[in-house]
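Q: After the structure tokens below, expect a handful of questions from me.
Throughout, read-outs are computed from the coordinates displayed, never taken from laboratory work. Everything quoted here is computed from the prediction, not taken from an experiment. So basically every Cβ, Gly included, is an ideal-geometry build from the backbone, and we count neighbours across all protein chains shown.
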Amino acid sequence: MGPDRDLGSPPPFVSTDPEAPAAQGFFVAFEGPEGAGKSSQVARLATRLRDQGFDPVVTREPGGSRAGERVRAVLLDPELRLEPLSELLLYAAARAQHVVELIAPALAAGRLVLTDRFRAASVAYQAYGRELDLRFVEALNERVTAGLKPNLTILLDLPPELGLARVAARGATDRLERADLAFHARVRQGFLAQAQHDPGRWRVIDARHDEARVADGIWEALEPALLAWRSG
């Protein structure tokens with residue numbers, strides 16, 4: 001027997017208001033093209049938040065659960081060739097598990113959650129990058145997240161040429177990083193289109209700068225909303 005609640009309706013564990021009351025959790029997602037420095041900035045922000053007295057839950061996609069981490073290994077394996085639809089469905093499966101096992105319980109407990117990628121990544125990578133049907137990707141996102149959206153999404157934006165140069169300088173590349181420049185240009189377009197469509201929930205940060213300057217920009221964008229949530 002299925003759940004009573006319509007999975008397309010807003011979930012009970014998070015507010016649809018970007019400045020949610022303190023009785024509920026606060027959800028921040030980091031997005032951006034390859035080489036934007038998301039993982040480093042999530043780690044920097046988590047440290048800064050702890051110094052400010054917050055206790056963030058830090059997670060990532062694909063991943064965030066035991067099953068999700070196994071799916072991650074498949075998705076990023078450079079030796080595998082995946083059809084675009086297969087890729088999308090694997091991301092969706094990992095995301096559904098992520099929401100149920102980690103994100104939803106943390107938000108219900110009033111926690112601050114930081115994730116390195118969430119639902120916007122599927123729109124950018126699979127709808128724009130892989131050129132799958134946008135409405136289908138959005139509908140699937142809505143289903144597997146039960147309508148959950150971050151209170152704020154931090155987009156670390158930079159040209160794909162620069163991002164891929166950074167990736168190459170690191171050494172080994174994963175399956176997505178090996179896609180061609182045209183693919184990565186479409187991905188960037190997908191992120192920027194989402195930010196433009198929903199400016200109340202998105203903050204765009206120029207990721208061409210050094211890490212410290214980018215981190216300061218993130219904190220400046222995030223601090224007012226966090227303080228409002230904390231003061232409730």
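Q: Looking at segment 186-232 only, could you name the residues that are under 17 Å from PRO56 (Cα atoms) and free of Cβ contacts under 8 Å to residues at least 40 places away in the same chain?
A: GLU223, PRO224, LEU227 - these are the residues of segment 186-232 that are under 17 Å from PRO56 (Cα atoms) and free of Cβ contacts under 8 Å to residues at least 40 places away in the same chain.
Q: With respect to the numbered conditions (1) among the small types (Gly, Ala, Ser); (2) buried (at least 19 other Cβ atoms within 10 Å of the Cβ); (3) free of Cβ contacts under 8 Å to residues at least 40 places away in the same chain, which one is the sole condition not fulfilled by GLY64?
A: (3)
Q: Within the bounds of segment 104-114, is there any residue that is over 23 Å from ASP55 (Cα atoms) and in contact (Cβ under 8 Å) with a residue 12 or more places away in the chain?
A: No, segment 104-114 contains no residue that is over 23 Å from ASP55 (Cα atoms) and in contact (Cβ under 8 Å) with a residue 12 or more places away in the chain.
Q: For segment 102-142: of the residues being buried (at least 17 other Cβ atoms within 10 Å of the Cβ), aromatic (Phe, Trp, Tyr) and part of a helix (DSSP H, G or I), which is farthest from the chain's Cα centre (by Cα)? Spell out how you get there, then give the answer.
A: Going through segment 102-142, the residues buried (at least 17 other Cβ atoms within 10 Å of the Cβ) turn out to be 102-104, 106-107, 111-130, 132, 137, 140-141.
With the extra rule that they be aromatic (Phe, Trp, Tyr), the set shrinks to 118, 125, 128.
Going one step further and asking which of them are part of a helix (DSSP H, G or I), we end up with 125, 128.
Details: TYR125: 12, TYR128: 16 Å.
Top of the filtered list is TYR128.
Q: For segment 194-217, which residues satisfy the criterion of being among the small types (Gly, Ala, Ser), surrounded by fewer than 16 Cβ atoms within 10 Å (Cβ to Cβ) and part of a helix (DSSP H, G or I)? Let's see the steps before the verdict.
A: At the first step, the residues of segment 194-217 found to be among the small types (Gly, Ala, Ser) are 195, 200, 207, 212, 215, 217.
If we keep only those that are surrounded by fewer than 16 Cβ atoms within 10 Å (Cβ to Cβ) too, we end up with 200, 212.
Once the filter is applied, which keeps residues that are among the small types (Gly, Ala, Ser), surrounded by fewer than 16 Cβ atoms within 10 Å (Cβ to Cβ) and part of a helix (DSSP H, G or I), segment 194-217 yields only ALA212.
Q: Of everything in segment 156-173, what is assigned to a helix (DSSP H, G or I) and touching a residue at least 60 places away in the same chain (Cβ under 8 Å)? Give them in sequence order.
A: Kept after step one, since they are assigned to a helix (DSSP H, G or I), are these residues of segment 156-173: 160-170.
Correct list: PRO160, LEU162, GLY163, LEU164, ALA165, ARG166, VAL167.
Q: Restricting attention to segment 174-192, does a residue exist that is assigned to a helix (DSSP H, G or I) and of a type in the set (Phe, Trp, Tyr)? Step through it out loud before you land on a result.
A: The initial filter retains those residues of segment 174-192 that are assigned to a helix (DSSP H, G or I), namely 181-192.
Next cut, of a type in the set (Phe, Trp, Tyr) only: 183, 191.
Yes.
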